[in-house]
Structure formats: structure tokens, C-alpha cells
Amino acid sequence: MDFEGAAKRLAKDQSKLRNRSKKGGLVVSAKAKREADFRRKQQAKLRAQKLEEQKRAEYQKSFITNIQRSHLHAKSLASPDLMLQPTSIWGEGDKIALPPSVLEKLTSSMMDDGSNRAAGNPWIFRVGIPNPEYTFPASPLLATMKVPKNFTVDDDRMGGDDSDSDDDGGDDDNEEELRQSVYLDEMAHKYLAYTHCTVVEFTQDEGHVGIPQPIAKALLDPLRRRAEDRSKEIPATRTVDPAAAAASPKEPSDEDADDSAMDVEHTNNDNSTSNNKEDQSDKTPGHLAYGAFDIPDVPLEITMVRLPKGKKCTLTPTPEAIRNNFYALKDIKLVLEQSLIRTRATMAIKDVVHTWHRGIKYDMTVDKVIPSAFDAITCINTDIEVDIGESSVPEPVFQPADSATTATSAGMATGGMKLGGGQTLGPSSSSSTMPPTSNLSSSSTTATAASSAAPIELIAEPPADQKDAVCTVQLRSSVGTGRRRFDVNTATLKDLFHFVISILREKGDVATNASSIQLVTRFPRRVFALDESNQSQTLASCGIAQGQEMFMVESRS
């Protein structure tokens, strides 16, 4: 046998196997390396995404927290939040009743701070119904906000303390408005409804908060919620006097009913007057109002905040207030001041504030507040300029009446009459009176008089696209209303009175002439009477400026 040849062949085969093994090992090592690199890159990418999400979540939380801390000075009264069960109390304003533990918390917090940070500011609270479906962040505006590249978890540049608040003043106005709108949108998602109030007393049972009817209505009103939440039903209830609920009298028998019928009638007759007095005395603000009105049957979240001091607001009378002759009030400024000072500490958009004059209630809707950063202001220790907004109620049809006075125009739009500004309103005319019945005795007499009256030429209105030097004049008289635009630089006082006479004739009053009437503004009171010395003066020279003016027609004495 050829052993030498067999040994060479074996060595050659082994050499091939070794070379093949080496080549195969290199291939496996390269593939494993590529897979390992891919896995490392994927893990790094996932870590970066996780860090970015964590950074965004921290930024969103810091954004809301710092706005509440630096702008509203929001302070939680419990951990995590103070939740109290509502009960009804008497009151026509925005004053709630809290338990004594809240007072202890507030006073101890002030002592811990070492100073009274709320000096000169009332205690204001945000009362809200939390949305059970809320998850942070819920606002699309907040969820899509870009995180600054230099933001870190410990970044306090959004206004974490009082020293940083000065930096906010240098922010761009548009950016500041965006931040405020984002915050308000997040709050609209967090609460089904919320409003602001102050406190009347700390006498409620622990775990309860007393709310008056205006606060209860604000929380239950679907129109104050987001459109998506208006279909969600908030359970409502009426509080029950525990003493009455504990007393469960047995059903009276027929005999008992017959025997007690006369006693009941006698008692009711004798005590009717005293019961009425007792009902009135029980309506002291802050006292319990069992079963008087509906309240939310869910716990309310109470948070202490500090609202900006109001500078200006727009109040619009409700249709009911107009039907109660709101525009016939002699001194609206006095009515508002006396009512608001007694009942209101805050005002927020969509709030309904109650005012009274001689026992008549006039409700006003808050349409605008300035500052408007958080759609709410405080009206304590501040001077607020009040505009009376335009009403959407249609103008009524006036009818002659037998009495000397009738209801004034219920649908007149005021065009934003201004109150405040340190001005004291002078006396104005009394309630609008109907013209003498002799002027309105019959349609035939009116038609004959109108046909015999001299025609009146009215100056043409300015072009529709002209804005400068244009005053829109609104007219109110006892027989009707009117509206016309004038160029104050060309129209004269005589042109204005021609317009007034034309409106009076159109409404049927043909006996009145320009020399027998005067035009009066109320805020402040100014009187315009036509005579030979001023009939050629322009409206601008008479003090009638661009914008809107409302005139009342009065008889000259």
C-alpha cells in the first residue's frame, strides 16, 4: 500500500477543511457585528425618543405649573387637591362658605411665608367640577407645543419665582397671548365647568362648601362648557335639612285629619305674617338654604388663586332686564356701584351679575374683561371702567297708553356707553313718557297733520366705506327709535335735529318741532339745543366725535 500517498491526501483534505472553517468563521463574525450595530442604534434611538418624550412631558407640566405659580399664584389647599361636597347657602353674589380647616391652612401658610403676600388682595378661589375623563395633557395646543432646545428639567425660566416674573414683561405680546390661550384651553379640558369666587365665612362643616345660587348656576350652565362637554350631564340635587329628614311623622288617620283641620287653619291664619318675616330673615348671605335651588351633586375642587385687578369690563343687560326698563334708570352708574360692591369680588366672562334698584332686579352678562389674560378679574380695591354692551333684543313696538308713563325702549342698543373714569353722572330725565293722547287720537288726524307739515331734507349719509370722522347716531324717544350715520366735519347741528324731527314724524308725532326739544346724552350728561347761534356749527365743533353717540329726546323747559 502507498502509505505515503495516503498521508499526503489526508493532510491536503484537512488543510482544505481548516481553510473552509476559517472562511466560514469570518463570514459569521461580520454578520453578527452588523446585527449588533443595528441593535445598538435601535436602542440608542429608543432611548433618545424616550428622553424626548420625558422632556416634553416635563416641559408641559412645568409650563402649566409655572403659569399658575407666577401669574395666578395658585395654591393647593390640600394634597393633592381640596375636594369638598357642595351645599346651598343664601347669597346673590360670588361669596362661598368654607370649613374652618381652610382658614387654619391659609393662616398657617401666611405665617410660614413670614409675610402677608396677599396684602391688599382678597382671598380668591377657583371652584370647578373636575372632568372625570381628563388626562394630562388634554389640550391639543399644549400637546403640540415645541420644547425649547435649551430646556432642562430644572429650567425655571417660565417664571418659577417672583424674581423671574420681570422677564415675562419683555416677552413678545403674541407669545404671551399664546401661552395664556394654551393655559385656558387646558383648564377647559380639566374642568367640566369652573368659576371664581371669594369667601363670606368659614363656618361650613368639614368636607363641605356652601355655594350661593349664582355660583351653582354657573357650574351647571351647559353654555359655559366646551362644545364637546355640553352633552355630558352633571348630576344636580337639592340639599335637605337633616332635622327635617330625621323627623318622619306617621301618616295621619282620617279622624286625626278631621280633628286637626280647624287647628291647622287657625294656626296658618295667625302665623302667616310671622312666617313671611322669618323667611326673609333666613336669607342672610352665608346661611344654609335647604332645598332653595339646584346644586351640583359632585365634589368641587377648590384652589386659591390671585386674579388681576380689573380695569375695564363690558356688561350687557339680559332680555329680562330690558323688559324691566333698564334703560329708563336715571343713574346706571350708581345702580351698578351699589349692587356690585355689595355682592361681587370677581367677574369672569359669561358671568351673570345681579343689580337692583328700588326692589327691581336687573341681570347683566359679562361679555369682556380687561386684563383679559385669564378671562377673569377681581373688582376689589380697583377702579373699573364699565361699558354697557349692545343688546340683541329686537326693538319693541310702542303703543299709546292711558297712563302718564310707559315702558321705555326695551330693545335699544346702547353702543357701549361708558361708565366710570372718575365721572359723576348728572341728573337725567325721568322715565320716558308717551306723547299727549291728542297727538295720537286717531290715524286720520295724524295723517292730515303729517301731510300739512313742511317737508324735511336730510343730509346724505357718508359712503359706506368711510370710517374716519363718521359718527353713528342712535336716537331714543318716547315714540320710537332711529339710527343714522353723520360726517362730523360736514354735518351741522341743524342736520342732526332735522333727522330727529323726521323720526318723530315717521312715528306719528307731528306736533313737535326743533325749538321745543333738546337732545341729551347720559354718560356723562350733555345737553344739545338748537338755536340761531349754533345751528350752522358742525357736529365736531359741538363736541360730537367719531364713533357712536346715543341721544335721548327731551322737551325743553
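Return yes or no: is SER515 touching a Ser or Thr at 6+ places or on another chain (Cβ under 9 Å), hydroxyl-bearing (Ser, Thr, Tyr) and open to solvent by 50 Å² or more (accessible area, probe 1.4 Å)? Full working, then the answer.
Details: touching a Ser or Thr at 6+ places or on another chain (Cβ under 9 Å): no; hydroxyl-bearing (Ser, Thr, Tyr): yes; open to solvent by 50 Å² or more (accessible area, probe 1.4 Å): yes.
Answer is no for this residue.
May I ask you to list the residues in the stretch 310-335 that are over 13 Å from ILE360 (Cα atoms), open to solvent by 10 Å² or more (accessible area, probe 1.4 Å) and not β-branched (Val, Ile, Thr)?
Once the filter is applied, which keeps residues that are over 13 Å from ILE360 (Cα atoms), open to solvent by 10 Å² or more (accessible area, probe 1.4 Å) and not β-branched (Val, Ile, Thr), the stretch 310-335 yields LYS311, LYS312, PRO319, LYS330, ASP331, LYS333, LEU334.
Given the condition open to solvent by less than 70 Å² (accessible area, probe 1.4 Å), over 30 Å from LYS333 (Cβ atoms) and modelled with pLDDT of 90 or more, answer yes or no: does some residue in the stretch 484-492 qualify?
Checked against the condition, which is being open to solvent by less than 70 Å² (accessible area, probe 1.4 Å), over 30 Å from LYS333 (Cβ atoms) and modelled with pLDDT of 90 or more, the stretch 484-492 yields at least one hit.
Looking only at residues that are touching a Cys at 6+ places or on another chain (Cβ under 8 Å) and open to solvent by less than 50 Å² (accessible area, probe 1.4 Å) in the stretch 518-557, which one is farthest from ASN489 (Cα to Cα)?
So the residue we want is PHE528.
Any residue at all in the stretch 201-216 that is among the β-branched types (Val, Ile, Thr), open to solvent by 40 Å² or more (accessible area, probe 1.4 Å) and modelled with pLDDT of 50 or more?
Taking every residue of the stretch 201-216 in turn, at least one turns out to be among the β-branched types (Val, Ile, Thr), open to solvent by 40 Å² or more (accessible area, probe 1.4 Å) and modelled with pLDDT of 50 or more.
Which count do you get for residues in the stretch 323-341 that are in contact (Cβ under 8 Å) with a residue 40 or more places away in the chain and within 19 Å of the chain's Cα centre (by Cα)?
Going through the stretch 323-341, the residues in contact (Cβ under 8 Å) with a residue 40 or more places away in the chain turn out to be 323, 325, 327-328, 330-334, 336.
Applying the additional criterion that residues be within 19 Å of the chain's Cα centre (by Cα) yields 336.
So the answer is 1.
Does VAL335 satisfy the condition of being modelled with pLDDT under 85 and not in a loop (DSSP other than H, G, I, E, B)?
Values: modelled with pLDDT under 85: yes; not in a loop (DSSP other than H, G, I, E, B): yes.
In short, yes.
Scan LYS75, LYS61 and give me the residue that is at pLDDT 85 or above, among the basic types (Lys, Arg) and open to solvent by 50 Å² or more (accessible area, probe 1.4 Å).
None of the other options fit; the residue is LYS61.
Just the residues that are of a type in the set (A, V, I, L, M) and either modelled with pLDDT under 85 or over 60 Å from the mean Cα position of the chain (by Cα) (or both), please, taken from the stretch 1-49. So that I can check it myself, show each step before the final result.
First pass over the stretch 1-49, keeping only residues of a type in the set (A, V, I, L, M): 1, 6-7, 10-11, 17, 26-28, 30, 32, 36, 44, 46, 48.
Scanning the stretch 1-49 gives MET1, ALA6, ALA7, LEU10, ALA11, LEU17, LEU26, VAL27, VAL28, ALA30, ALA32, ALA36.
Considering each residue of the stretch 493-512, count those that are among the acidic types (Asp, Glu) and open to solvent by less than 60 Å² (accessible area, probe 1.4 Å), and give that number.
The number of residues fulfilling the criteria is 2.
Cβ-Cβ distance below 6 Å, separation of 6 or more or different chains: which pairs start in the stretch 296-318 with a residue that is closer than 18 Å to ALA216 by Cα and end on one that is modelled with pLDDT of 90 or more and not in a strand (DSSP E or B)?
The qualifying pairs are PRO296/LEU219; PRO296/ILE234; ASP297/PRO235.
So which residues in the stretch 222-231 are touching a residue at least 40 places away in the same chain (Cβ under 8 Å) and open to solvent by less than 60 Å² (accessible area, probe 1.4 Å), if there are any at all?
Across the stretch 222-231, the qualifying residues are ARG224, ASP229.
Can you tell me which residues in the stretch 453-477 are assigned to a loop (DSSP other than H, G, I, E, B) and among the charged types (D, E, K, R)?
GLU457, GLU461, ASP465, LYS467, ASP468, listed by residue number.
The values are calculated or read from the model by the stated rules, or taken from the named source; none is laboratory data. This is a predicted model, so every value here is computed, not measured. Don't worry about glycine lacking a Cβ; one is built from the backbone with ideal geometry, like all the others, and counts go over all protein chains shown. Protein only, heavy atoms only, side chains kept; ligands, DNA and RNA dropped before computing areas. Shrake-Rupley method; radii C 1.70, N 1.55, O 1.52, S 1.80 Å.
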